[in-house]
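Below you'll find the structure, written out as structure tokens, and then a few comments.
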Ligand SMILES: Cc1cc2nc3c(=O)[nH]c(=O)nc-3n(C[C@H](O)[C@H](O)[C@H](O)COP(=O)(O)OP(=O)(O)OC[C@H]3O[C@@H](n4cnc5c(N)ncnc54)[C@H](O)[C@@H]3O)c2cc1C
């Protein structure tokens, strides 16, 4: 089905008179959000019901339908496919997976290496599948570059580099200040680490292209259809109930709004800004020809990409969490956060001081109590879920989706166990978050501690990680 756009309705409100604030995200600013699909017309049945139309839900529907075309699959989406983090993220398609080191402690190093290898392959799989489906998502496989600014950050960077190599990433490269500057001129960078297992992409182009591909395969997608309750074999909405042997919850940062899930995954906020397209003169001062995704080793870290149309999109934590696990209002962002992100931009690249910030937005990602991403299918109830990617969901959602496919196929007798169904993150159990006000106090306290630690490290000569950050890591269970 060819789908028309409704661009004019993407209109956040201005921050400083001309920076658009919210409007879901900048990634929809040019073409608008997709025209809505029909809501659920009434009670229905399916073989598999997927709740949530982000990368997790859509990739799950995609791979299941490809593997078993006879399956009747329905996706229920509260707003529109790509409304959540999948249409708002920083576009880092990379091989990081939250919780790997804990999985190594729980299941052994070799099992965690299997998970890491699967993640390395996942970056290529997303690129391959997007290509096969002719989704033009501005993908550029330039790898991931992470820089250090202070002695403590450099020590962490070197330790991180060694750990990644120990997990099999032997193609990772460590660079000194001069070599780093040959790739990108970040003020004060004293070193960097680079991995080829990463790509920059346009998040909304990927998610809207994927939704169209899923629909073309014969999956039914209903939008503007919020699921109010998930229970075994039922997904309940205001318009009717979908009955299905398998109901898969793919709602990541929004999970807390579902009945009985308030303390399951914490909706952590992340915020972004994007500049106007930079002039050739400004780009000449920055370099960044390789278009690597860019991050740093601060405790309250930043992430950035050079977009296909020559802008810098840069994100960070901002206001980390809303009381009571509430989510944001269509991406609206506090002016103080916009200013803080702008300060990082100018600190990194002083020649952007006069550059206009065109758009600012926010979104939520899902954080489990032990900060470990998971994929689960409960074989007694047919309920499944995947998420808790802690900000590393662009690639991870794809691996999670292929794993959900294999778990459903195994459970229904269509296939046996696979390499994916035995990965250490499958069926991992985690305790719930604390009730309020402890949840709010804990998260805000942790980020206040990280910001203090970053400030103290910026003036310290020592290579040791600041004591405050070490305590915050221990208390938060990271
Ligand atoms: C600002 C930001 C930047 C990020 N940057 C990166 C990055 O650069 N790289 C990276 O790897 N990760 C990044 N992430 C994380 C990553 O985007 C997410 O982990 C990933 O997109 C999660 O995909 P998902 O499909 O599980 O969830 P989502 O994309 O959030 O999709 C969930 C969907 O479920 C729908 N929904 C919610 N509740 C219901 C309900 N009750 N009924 C029906 N539908 C419902 C929502 O409307 C939404 O469309 C970022 C996240 C944010 C917010």
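The values are calculated or read from the model by the stated rules, or taken from the named source; none is laboratory data. If you're wondering where the values come from, they're calculated on a predicted model, not measured in any experiment. Quick reminder, even Gly has a Cβ in these numbers, built from the backbone with ideal geometry, and neighbours come from all protein chains shown.
Taking (1) at pLDDT below 95; (2) surrounded by fewer than 22 Cβ atoms within 10 Å (Cβ to Cβ); (3) in contact with a helix residue (DSSP H, G or I) (Cβ under 7 Å, 6 or more places away or on another chain) in turn, residue 285 satisfies each apart from (1). All of 134, 178, 128 fail the test of being in a loop (DSSP other than H, G, I, E, B) and surrounded by fewer than 19 Cβ atoms within 10 Å (Cβ to Cβ), apart from 134. Taking the listed residues 465, 403, the one that is modelled with pLDDT of 85 or more and part of a loop (DSSP other than H, G, I, E, B) is 465, with no other qualifying.
Any residue at all in segment 440-451 that's modelled with pLDDT of 95 or more, farther than 25 Å from residue 148 by Cα and within 26 Å of the chain's Cα centre (by Cα)? No, segment 440-451 contains no residue that is modelled with pLDDT of 95 or more, farther than 25 Å from residue 148 by Cα and within 26 Å of the chain's Cα centre (by Cα).
Looking across segment 242-262 at every residue that is in a loop (DSSP other than H, G, I, E, B) and near the ligand (Cβ under 9 Å from one of its atoms), the one that is surrounded by the fewest Cβ atoms within 10 Å (Cβ to Cβ) is identified as 258.
Checked against the criterion of being within 9 Å of the ligand (Cβ to nearest atom), within 13 Å of residue 246 (Cβ to Cβ) and crowded, with 24+ Cβ neighbours inside 10 Å, the candidates 82, 57 yield just one match: 57.
For the residues 327, 337, 333, the requirement of being within 12 Å of the ligand (Cβ to nearest atom), under 25 Å from residue 457 (Cβ atoms) and touching a strand residue (DSSP E or B) at 6+ places or on another chain (Cβ under 6 Å) singles out 337.
Among the residues here, residue 358 does not qualify as surrounded by fewer than 19 Cβ atoms within 10 Å (Cβ to Cβ) and closer than 22 Å to residue 75 by Cβ.
Conditions (1) under 28 Å from residue 259 (Cα atoms); (2) surrounded by fewer than 24 Cβ atoms within 10 Å (Cβ to Cβ); (3) free of Cβ contacts under 8 Å to residues at least 60 places away in the same chain, marked per residue:
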{"site": "183", "(1), (2), (3)": "no, yes, no"}
{"site": "199", "(1), (2), (3)": "no, no, no"}
{"site": "204", "(1), (2), (3)": "no, no, no"}
{"site": "211", "(1), (2), (3)": "yes, no, no"}
{"site": "217", "(1), (2), (3)": "no, yes, no"}
{"site": "222", "(1), (2), (3)": "yes, yes, no"}
{"site": "225", "(1), (2), (3)": "yes, no, no"}
{"site": "233", "(1), (2), (3)": "yes, yes, no"}
{"site": "240", "(1), (2), (3)": "yes, yes, no"}
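Just so you know, in segment 300-312 the residues that are surrounded by fewer than 24 Cβ atoms within 10 Å (Cβ to Cβ) and closer than 17 Å to residue 343 by Cβ include one that is farthest from the ligand (Cβ to nearest atom), and it is 300.
Residues that are modelled with pLDDT of 95 or more, crowded, with 20+ Cβ neighbours inside 10 Å and within 11 Å of the ligand (Cβ to nearest atom) do occur in segment 377-386.
Before we move on, is residue 434 in contact with a helix residue (DSSP H, G or I) (Cβ under 7 Å, 6 or more places away or on another chain), in contact (Cβ under 8 Å) with a residue 60 or more places away in the chain and away from the ligand (no atom under 15 Å from the Cβ)? Spelling it out, residue 434 is indeed in contact with a helix residue (DSSP H, G or I) (Cβ under 7 Å, 6 or more places away or on another chain), in contact (Cβ under 8 Å) with a residue 60 or more places away in the chain and away from the ligand (no atom under 15 Å from the Cβ).
Take residue 395 and decide whether it is within 13 Å of the ligand (Cβ to nearest atom) and farther than 18 Å from residue 53 by Cα. Here the answer is no, as residue 395 does not meet what is asked. Please verify whether segment 198-219 includes one or more residues that are under 29 Å from residue 159 (Cβ atoms), modelled with pLDDT of 95 or more and in contact with a helix residue (DSSP H, G or I) (Cβ under 7 Å, 6 or more places away or on another chain). For segment 198-219, residues under 29 Å from residue 159 (Cβ atoms), modelled with pLDDT of 95 or more and in contact with a helix residue (DSSP H, G or I) (Cβ under 7 Å, 6 or more places away or on another chain): present. Within segment 60-79, the residues that satisfy the criterion of being more than 6 Å from the ligand (Cβ to nearest atom) and in a loop (DSSP other than H, G, I, E, B) are 68, 69, 70, 71, 72.
Mind checking whether some residue in segment 133-149 is more than 23 Å from residue 252 (Cα to Cα), in contact with a strand residue (DSSP E or B) (Cβ under 7 Å, 6 or more places away or on another chain) and without any contact (Cβ under 8 Å) to a residue 60 or more places away in the chain? Checked segment 133-149: at least one residue is more than 23 Å from residue 252 (Cα to Cα), in contact with a strand residue (DSSP E or B) (Cβ under 7 Å, 6 or more places away or on another chain) and without any contact (Cβ under 8 Å) to a residue 60 or more places away in the chain.
Here segment 422-432 is the region considered, the condition is being modelled with pLDDT of 95 or more, in contact with a strand residue (DSSP E or B) (Cβ under 9 Å, 6 or more places away or on another chain) and crowded, with 16+ Cβ neighbours inside 10 Å, and the residue that is farthest from residue 66 (Cα to Cα) is 428. Scanning segment 356-383 for residues that are in contact (Cβ under 8 Å) with a residue 12 or more places away in the chain and in a loop (DSSP other than H, G, I, E, B) yields 356, 368, 369, 370, 371, 372, 373, 379, 381, 382.
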